[in-house]
1. Mind listing the label-point distances from C:Glu31 to the same position on all other copies, shortest first, one decimal in nm, points 7 Å along Cα→Cβ?
2. At 7 angstrom along the Cα-to-beta-carbon line, where would the label on F:Arg97 sit relative to the other copies? Give the distances in nm, shortest first.
3. Given the DSSP H assignment, sum -39500 (n - 2.57) over each helix run of at least 4 residues in chain B and divide by its residue total; what's the result at 222 nm in deg cm²/dmol, nearest 500?
4. Just want to confirm a number: the relative contact order over segment D:3-95, from Cα pairs under 8 angstrom separated by 6+ residues, in percent.
5. Within 10 Å of each Cβ in peptide B:62-71, how many partner chain Cβ atoms are there on average? Round it to a whole number, please.
6. To the nearest hundred square angstrom, how large is the accessible surface buried between B and C, total for both chains, probe 1.4 angstrom?
7. Give me a single rounded figure for E:63-74: the average over its residues of other chain Cβ atoms within 10 Å of their Cβ.
8. So what is the calculated 222 nm ellipticity per residue for chain E, using -39500 (n - 2.57) for each DSSP H run with n of 4 or more, over all residues, to the nearest 500 deg cm²/dmol?
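The values are calculated or read from the model by the stated rules, or taken from the named source; none is laboratory data. For clarity, every value in this text was computed on a predicted model and none was experimentally measured. In this analysis, Cβ positions are derived from the backbone assuming ideal geometry, glycine residues included, and neighbour counts consider all displayed protein chains. For the accessible areas, the whole protein counts, side chains as well, though only heavy atoms, and no ligand, DNA or RNA atoms are used. Shrake-Rupley method; radii C 1.70, N 1.55, O 1.52, S 1.80 Å.
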Amino acid sequence: MHSSEHGLQLLAALFAATGGGQLSRILESLERNLLTPIPLCFLLGIICTRIHGGIKIPKELYYSIAIFLLMSIGFIGGHELAHEYQAHGVATIWKPALATLFLGCVTPITSFVVLRYLGRMSIADSAGIAAHYGSTSAVTYAVANSFVEQSQHPANSFLPTLVTLLECPGIAIALVLGAALSAKERAAKAAAGSIAGIRGPGRESKLGEALYEVMTGQSIMLMAGLLVIGFISTLFMDEKAFQPFYEFFQSKGMLFRGALCIFLLEMGLVAGERLGDLVKVGPFLVAFGIFMPLIHGFFGVSMGHLAGLNLGGCTVLGAIVASASYIAAPPAVRLTLPEANPTYSITAALAVTFPFNIAFGIPIYYEMARWVGAQ
Amino acid sequence: MHSSEHGLQLLAALFAATGGGQLSRILESLERNLLTPIPLCFLLGIICTRIHGGIKIPKELYYSIAIFLLMSIGFIGGHELAHEYQAHGVATIWKPALATLFLGCVTPITSFVVLRYLGRMSIADSAGIAAHYGSTSAVTYAVANSFVEQSQHPANSFLPTLVTLLECPGIAIALVLGAALSAKERAAKAAAGSIAGIRGPGRESKLGEALYEVMTGQSIMLMAGLLVIGFISTLFMDEKAFQPFYEFFQSKGMLFRGALCIFLLEMGLVAGERLGDLVKVGPFLVAFGIFMPLIHGFFGVSMGHLAGLNLGGCTVLGAIVASASYIAAPPAVRLTLPEANPTYSITAALAVTFPFNIAFGIPIYYEMARWVGAQ
Amino acid sequence: MHSSEHGLQLLAALFAATGGGQLSRILESLERNLLTPIPLCFLLGIICTRIHGGIKIPKELYYSIAIFLLMSIGFIGGHELAHEYQAHGVATIWKPALATLFLGCVTPITSFVVLRYLGRMSIADSAGIAAHYGSTSAVTYAVANSFVEQSQHPANSFLPTLVTLLECPGIAIALVLGAALSAKERAAKAAAGSIAGIRGPGRESKLGEALYEVMTGQSIMLMAGLLVIGFISTLFMDEKAFQPFYEFFQSKGMLFRGALCIFLLEMGLVAGERLGDLVKVGPFLVAFGIFMPLIHGFFGVSMGHLAGLNLGGCTVLGAIVASASYIAAPPAVRLTLPEANPTYSITAALAVTFPFNIAFGIPIYYEMARWVGAQ
Amino acid sequence: MQLYPLKLVTVVGESVIMEDIAERGIKLGASGYTLVDVTGHGARSTRNVSMSGGARTQKIEFVVSGEVAVDILSYVSHQYFEHYACIAWLSDVSVVRGDQYVKPGGR
Amino acid sequence: MQLYPLKLVTVVGESVIMEDIAERGIKLGASGYTLVDVTGHGARSTRNVSMSGGARTQKIEFVVSGEVAVDILSYVSHQYFEHYACIAWLSDVSVVRGDQYVKPGGR
Amino acid sequence: MQLYPLKLVTVVGESVIMEDIAERGIKLGASGYTLVDVTGHGARSTRNVSMSGGARTQKIEFVVSGEVAVDILSYVSHQYFEHYACIAWLSDVSVVRGDQYVKPGGR
Ligand SMILES: Nc1ncnc2c1ncn2[C@@H]1O[C@H](COP(=O)(O)O)[C@@H](O)[C@H]1O
Ligand SMILES: Nc1ncnc2c1ncn2[C@@H]1O[C@H](COP(=O)(O)O)[C@@H](O)[C@H]1O
Ligand SMILES: Nc1ncnc2c1ncn2[C@@H]1O[C@H](COP(=O)(O)O)[C@@H](O)[C@H]1O
Ligand code: NA
Ligand code: NA
Ligand code: NA
């Protein structure tokens, strides 16, 4: 197929960029990443679905773990932020925060452009998928964070704050873009006499609603809310009283890591089902789901380095910029861009990009970060 | 409004009682209480509901946490009771137990009298609300217990036993009172020719059923059952084998504290929805939901002190006497007093008294306990 | 009743076998087993159901705990297996593995023969019950394992592997036996003109399906999957990174033990409901549910000893061979042997054998293991 | 295939009354019932407080003969319509082997 | 017992559209609705992606007068049939004290 | 608005047989189905053991043409009525854009 050639060229460019000598180090990182329980649980989930095995995670357990993970990320983020704040004020934070916001605005646009002009997809589908890739996946963050901690290069303490910042702008920009361009297209067609633009007003009100829903969605509310709670409690509570909360939520702790295993198992089960849709979405979207993250990851790593993040921080920022949302984005897209086929966006985000990032992407971003000189 | 004047007088009386000088200490306690994760999570829940945010705790998670908390309270209660028993026999326990039973009989009656004669509410509504305020809220116990532990004044070891004792009598007394007075009223009306007393027999059988259901309800069964299990295991198991169970259930541990955060978040979400009903229930009931607990709390603290409880114990006893049930009471009231409007009782218990106790009540009872001389 | 006499004879034989002098030691083990939270929670569940108490464990919590327990058993099994493998290769493992497979083939047949010829039950019912008793109960494993750990005689490290091996063969053999004999019987009757064998083909395809479903069922997938994951991670991860996963899953840890308490509570609630069916199933099946496990347990203990297991290992192998499946077997039996009355099999497995094993069986197998000389 | 004309009685309302309605339905002659958790909104739904751990809404269905249907509806409407949030309706169904759902001595 | 002939409108489809349908139903004159989580399969069900944490299927029921029924069905079919996975149908029911489910100023 | 008269087939029974019924329904010509977890009680409900983690009860609904409806009901009654706890019924519905739910080569 025509468009997949571009993919190959991108790959070649990437290889040139990272340099052949990096390869063995990437492989080593890969091994260190792949043979750990978290990606292996994901793999187990995929295998189970493919052989029609009987593992069934109750969806309430899945939701509960999601809630716990988001609360943890927020709470520990707030706790670390408080320490950072006490030590350095906002000096170390504002640059990475700006960089993150900038990336949140750029990635939906790069995604849209690639999908619309390289992939020749419809406006609605392009915007819908761009909304997913402009946002972020909290679980990819959690896995990336585990990886850098296991590699003895923990990320800067304020990374959870950046995750929170990255969640919304991408979705908002992509949806507004999609709604505006669709409206223009419809207006053009209506002028040409083909369709009456009846449902215009309904659409605008839905866009506003959807944007509000994204901004007050579960992920943001829990992460930002617990961030504030973690921050305040750290400042005002004495350490002994704070201890049990810290142990419960801490991201290096057994609860977080264990919950992540179960969560990834379920993600594997779901991704396994989606694998069958890969044929439907076609080779372009599969290539997109691999190369777009690599490019976005590189953006993330580089901007992170410029903003002064450490090695772990650059890796994690790369991973979250590269990741695609599959929780906050889908309902918002479904409501505002009904013509967009959700099979495309969700299969790409969940059955291509997510596994790619978990298995290969994170170690690659780590090597990218070393390559750009982060420490 | 007429009845809220009484409220103001009560407040003034209370201030006079505690003394102005106490105020700064109360404020200090308040800060120590408010800026911790548990009340902050409750606040987050309220905020989220008010801005129509997307946090959604699966109800199965909520039920599961409730089960865990009740089991914990019981198990650790039984464990501590076993130690107390080995050290002092029943010498230290029987007085507080009697005091608690006495309070369980008095509080539904004070509530009923205030509601019926001061608030001019119907018999059914007065009895229904009294059933809530005569019983207790296990979560308020848990938060109060956390507070006194964080304040380095842990409560006497047998407080969980007292929670168990306080659960039932209040509901039973209020329901019997309500059923009897309603029947009398209906009989009077029937004699006056207005209503035929057709459904008499159905009602009595339902009262019996409801009382049985309260006494064998989930809260009692789990708390009392695990209390016995904790007691027996402590006596018969060697310490090493007992250890993992202790760690799992222990109320200072990460699981209990963390679960409490999530639980309070959900309570906040629910209470937030109820806030809209405050207008419906009117100023009298709002005032009732604040002052009745203060009065009951003072009863609890004083009786606790008389019965020999320590500072933490008096505080916690005050808190549980002041607290209102919103789990065991509602279905029982709904079945036996169908004319009672559940909006009144649940809004008062959940949207007024519970937040008041969590945020302000507990530190106030703590100061009350110091004021009466508990140590 | 005729058939229960056999039961008494069996009991006498057993007593003769174990020797009267063992009795006091058995009683001591019993006490050490019974007065611990796990069986007490089971008892609480039964009591609660019998008095129509209100404890209600959400089924999602029950499923979630089941998933966690299966994952734990697998993961820790894999971890221990890796250590064993590093130390001794497969030298110590192959004998117990063969013994387990052998037991998995023998126990469904002994069960079928006893039910069909001693109990005079129908082919379908005999095969259906045999499928339950030929398989195993992971929770019985977990409780037996806790017991031997508490008794300071931990089982050999590869026992979880044996549990996994024992899960399937018994169900498969019983179902194939049942299907074949029913088909023969139906053919005979059809030849005699009474029934047309219309549904033959449907049945065979269902048998294949059901066997596949058993082999790729949740229990196997989770235990075997996590076993592999635990094995690989132990070999490839450094210890510090492995630690949180180990703590989360470890079977001596607070999460496992605590989860087991809640699980057993729910099992008690369910078993309590089934107690009413004991009358329906009749004395033969009750006797079967007690004596068959004792015999199978003795098989397990003896074979384990021959295969070189230690005292704990023999006990646990005895317990799992004695145990009856009530999760994997029922749906498979329901699909392939529709004439089999599920009340029989499930009541026997859940309301007789499971409680018997938890309360009495495990200490008895322990004493059996000592008696055969295991150390 | 033999289909019998029967009635489907549906009641939606507070879960607190459903156990009683189910039992009464059986007593009045229903051979069984089907119950499901729902959420809902209605005129009196303030009654049916939506708190977690508190009241829930449920829907119960009975497949019964016309007479039993009327009996169940009468019971529900007399007993529960005044003070409880609930709604009840009737519809026509054709039931496979429907004869077994008409208890002879039902009443 | 007085039974009123009314209509039962049932819509099954993606959960993402149900809140709007419920609100619209009330605006068009329904006194309430009953909602339940289901799973399902249909011609367009690829649309209704079955991911955990993502789209779910729900079923909503309205007991309403014939006119309101038609209004709700029209709204649903115009607004959602093209791009969303959903199905809608109508059936006849007899409702106890059904007069209270016919809002006078419904429309 | 165009409404087509179709049939609603409802089967309530042990979850263990529902997957097969759903598949068979599609094969016989249904364009889809809607499935929901319920609890229930019936004459043979001892069969449908209520254990946790064990058998559950489910309700499945098909909106189909009259012929397909009869085919589904026949299949269910022949295949499952003898040994499984289940009940099945039929009712009349009017479906919006109902033509699309009548597969031409359904059978
Ligand atoms: N018009 C309606 N259509 C469908 N369900 C209704 C309707 N009205 C009420 N309900 C259901 O019946 C319950 C009680 O209704 P109500 O007594 O009107 O508050 C509600 O929670 C809904 O689930
Ligand atoms: N023939 C049918 N009978 C019953 N439910 C259906 C039918 N077709 C579709 N559904 C339900 O409607 C939803 C959307 O259907 P569709 O738009 O055909 O994908 C499905 O998920 C099913 O729950
Ligand atoms: N008369 C009835 N009305 C409604 N549902 C029923 C009825 N009889 C049985 N059921 C449902 O069908 C299932 C199986 O019924 P049975 O085969 O009679 O045990 C039960 O669990 C109920 O959910
Ligand atoms: Na992204
Ligand atoms: Na109280
Ligand atoms: Na066995």
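1. With the label placed 7 Å along Cα→Cβ, C:Glu31 yields 5.7, 5.7 nm.
2. Distances to the matching label points in the other copies: 3.9, 3.9 nm.
3. Values: 17 runs with 284 residues, N = 375.
Result for chain B: -25500 deg cm²/dmol, rounded to the nearest 500.
4. Values: 157 pairs, mean separation 48.3, N = 93.
The value is 52 percent.
5. Numbers: counts 4, 8, 11, 2, 3, 8, 3, 0, 1, 8.
Rounded to a whole number, the mean comes out at 5.
6. Values: alone 16580 and 16570 Å², together 30750 Å².
About 2400 Å² of accessible surface is lost on pairing.
7. Working: counts 6, 0, 0, 0, 0, 0, 2, 3, 1, 0, 6, 2.
That average works out to 2.
8. On the way: 2 runs with 26 residues, N = 107.
Rounded to the nearest 500, the figure is -7500 deg cm²/dmol.
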